[in-house]
Structures are given as structure tokens and as C-alpha cells.
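Below is one structure, written out as C-alpha cells, with a few remarks after it.
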Amino acid sequence: MASNNEGVLFVPYADTVDLLSVKEALRIVEDVYRMQGEGSVMASSPPSFKLDVGEPFHNHWHVKCALLKEIPITGVRLYNYFDDGDRNTVGQLECGRYIILADPNTGTNKAIVEEHWTYAIRSAAATLLPLKWLGPKNPRIVGLVGVGTMATNALRCLMELYDGIEEIRCTSRRPETREAFAAKWSEKLGIKIVPMESIKEVVSGADIGIGGTTSDEIMCRETWLKSGATYVSFTRREFEPEGWTKLDKVVVDSWEMNMKMKHFRNSAENGVFTRDNLHGEIHQLVHGQVAGRESDTERNLIHTTGLVALDIAMCHYVYEKALEKGLGIRLPFTGVGKPGPAD
């Protein structure tokens, strides 16, 4: 462990990729959902702070904070991205993503972790993990809506969660991106991956549908889901709001945090989908407080917006492994006592 006269450890992106596997990410996510259910996670109030700047900057800053009492660790997450409607850097390396970790017992800063990889795999792991409880038992066909970072990491998680997937369908706005994705991953996984033109083609007949785009538009319709299918939705409004109540079970990671999202809040306030319609939150599935899949014919929906506690836990794990392996960059030791020039 670091001594008292060592500076904060900076863990750059390149190191984090080697320090966190997909299997580890899924395990950490399940642990944090368990902690959430046990009440040992404390979020900041308000839970997030945002600076959204329009023309001509199109820049967005978000800050979140949480304490995980069980570890224990406190973390502050801050990230920024550019979005002018044409170019969106969310999920790209050029946006800024950092977690600052501190010891809650002393307030001493421990690390600054660049969270491009930890955030990307967390997003997929946190959303796909509930398939253990709500997904079909033996899915054969998977439909991917989008072929970017979220869809790619969703695919990585699926390979950890299931054996026996026979076909993966994918679509994207541009033919060349979905064709390249299909060629790359079919060779890598040894699974038939079929690029298709429309979302309807991809989702219809699939055992699991996954919406992994950055679009603000509705991607999937309820009528496209076959009997027994589960759809996985990453934030925004991937799945048509009017279709939520027509499904058997809908779970979210946090009702409170989803209510911070414009489309979700509008749907709830207008009575389209209210808390009474919710089957439960994911931590309740993990704890067995609400039922998982009870029938092979159930059609279910998993929808997440993301919990900062997950990001902090991932980065703390990466920090601990970096210490063990001697990775990361030590920043200059600040010292102790009062700041300022020596008298």
C-alpha cells in the first residue's frame, strides 16, 4: 500500500484496460447492486450536478459523488463531452472522464483514475447482468441495435453470461459500419453475425434485443418482441414508452436516477409508465425481493441510466490492482498542514 509521503496515484486509460476484465466487471456490478440493496451506498445530494452549454460551445460537464461504506471508499466522478447534434464524443477517448478516490476515514486522496474503459464496460455489465434473472434460459438469437462502444461491450458481456448463442443480428445507420462489425466479430467469436438494414429485422425473432446507441430517438417497438424475449435498453428512450406497460416485467437500476432523465420523467408524469407499473429495481432482483423470470413466454425489459457507485467500485478495484502491479503514475506529494509559501 502507499505510504503517507507518496502522492496521489494517477491510473491512465491504457493501464485500466489491462487491469479490469469483463468477468471482473460483471462480478463488481453484482456486488454493488447487493450493497445498494443492503443500504450501504450513499449518494450525494443532489445526486448530480450539470453544466450544459449550448452554442457555440456545445459542451457538457457532469459531476456525481458517492460513498461505498462496505469497501470503504468515497469517489467523485466528473466527465465532459461535446454534442452539437452532429458530433457526439460520449464514449470516445477525446471526452474527459475521471474518478477521484478518497479514504472516507481520513479524507486523504488516493487516486485519480481515467475511466474510459471502466465506464464503458460498467455500462454494459450493469445493464446485461439482470439477464441472469429476467433473460431467456437458452437464447439462440441476439439482436444488436447499434455497433458502437456500448453494443461492442454488450457483446463481450453476453459471451460471459451465455453459451450456445448461434446467431447475432446487428444494424447501424451506415452499411459499412455494421458490415465491418459483423466481419470482425464473427471471425473473433466463431458465431454467425448478420448485418441487417432495419431495427425491426434485427429485433423481430430475437431472444434478446439490445439497444446500444447514442440516439435520442425511439429505436424499438413493443410489437417487434416475440414471446419470451427480453429487451435491454441503455438509458435515453430506446424502447417506445407506450410499450412498457404491455410487457410482463420491467426493471430499472434506480427509479430516482431515471426520473432525472427527461424522457423517462415525462413518461412517468404523464401516466404512460408509473412506479406502480414497475416490477422492481435491479438490486431487488439480486436480493430475491422481486421475482425473476417465471415463464418461458414472458416478455421483459431491462432499462438503466447508470449508478455512480458502480463507477467508483470499478475504479477502486483498478486502483488496488495498479498498486499490486506497480502501475500508474505517482503525482508529486502535496505535503501536510497549511498551504502557502514557507514563512
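The values are calculated or read from the model by the stated rules, or taken from the named source; none is laboratory data. For clarity, every value in this text was computed on a predicted model and none was experimentally measured. Virtual Cβ from ideal backbone geometry, glycine too; neighbours counted across all protein chains shown.
General observations
Every residue, every condition in (1) of a type outside the set (Val, Ile, Thr); (2) farther than 17 Å from Thr118 by Cα; (3) part of a helix (DSSP H, G or I), yes or no:
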position: Gly37; (1), (2), (3): yes, yes, yes
position: Ser44; (1), (2), (3): yes, yes, no
position: Lys50; (1), (2), (3): yes, yes, no
position: Phe57; (1), (2), (3): yes, yes, no
position: Trp61; (1), (2), (3): yes, yes, no
position: Cys65; (1), (2), (3): yes, no, no
position: Val76; (1), (2), (3): no, no, no
position: Gly91; (1), (2), (3): yes, no, no
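- Residue within the range 8-16 that is in a loop (DSSP other than H, G, I, E, B), surrounded by 16 or more Cβ atoms within 10 Å (Cβ to Cβ) and either on the phi < 0 side of the Ramachandran plot or not β-branched (Val, Ile, Thr) (or both) present: yes
- A residue that is crowded, with 21+ Cβ neighbours inside 10 Å, at negative phi, in contact (Cβ under 8 Å) with a residue 40 or more places away in the chain and not assigned by TED's automatic domain parsing to the domain that holds Gly212 can be found somewhere in the range 319-340.
Residue-wise test of (1) surrounded by 13 or more Cβ atoms within 10 Å (Cβ to Cβ); (2) outside the structural domain of Glu324 (by TED's automatic domain parsing); (3) modelled with pLDDT under 95.
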| position | (1), (2), (3) |
| --- | --- |
| Glu24 | yes, no, no |
| Val32 | yes, no, no |
| Met42 | yes, no, no |
| Phe49 | no, no, yes |
| Lys64 | yes, no, no |
| Ile71 | yes, no, no |
| Asn80 | yes, no, no |
| Gln92 | yes, no, yes |
| Ile99 | yes, no, no |
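- Against the criterion of being modelled with pLDDT of 95 or more, over 15 Å from Gly148 (Cα atoms), of a type in the set (A, V, I, L, M, F, W, C) and touching a strand residue (DSSP E or B) at 6+ places or on another chain (Cβ under 9 Å), Leu225 qualifies.
- For the range 47-69, the set of residues classified as of a type outside the set (Ser, Thr, Tyr) and touching a Lys or Arg at 6+ places or on another chain (Cβ under 9 Å) consists of Pro47, Phe49, His58, His60, Trp61, His62, Val63, Lys64, Cys65, Ala66, listed by residue number.
- Identification of helices (runs of 4 or more DSSP H) wholly contained in the range 115-212 with 2 or more residues that are touching a strand residue (DSSP E or B) at 6+ places or on another chain (Cβ under 6 Å) yields 116-128, 149-161, 175-189, 199-203.
- Out of Arg173, Arg140, Arg156, sole residue that is farther than 30 Å from Leu331 by Cβ, surrounded by fewer than 17 Cβ atoms within 10 Å (Cβ to Cβ), assigned by TED's automatic domain parsing to the domain that holds Val290 and in contact (Cβ under 8 Å) with a residue 60 or more places away in the chain: Arg140
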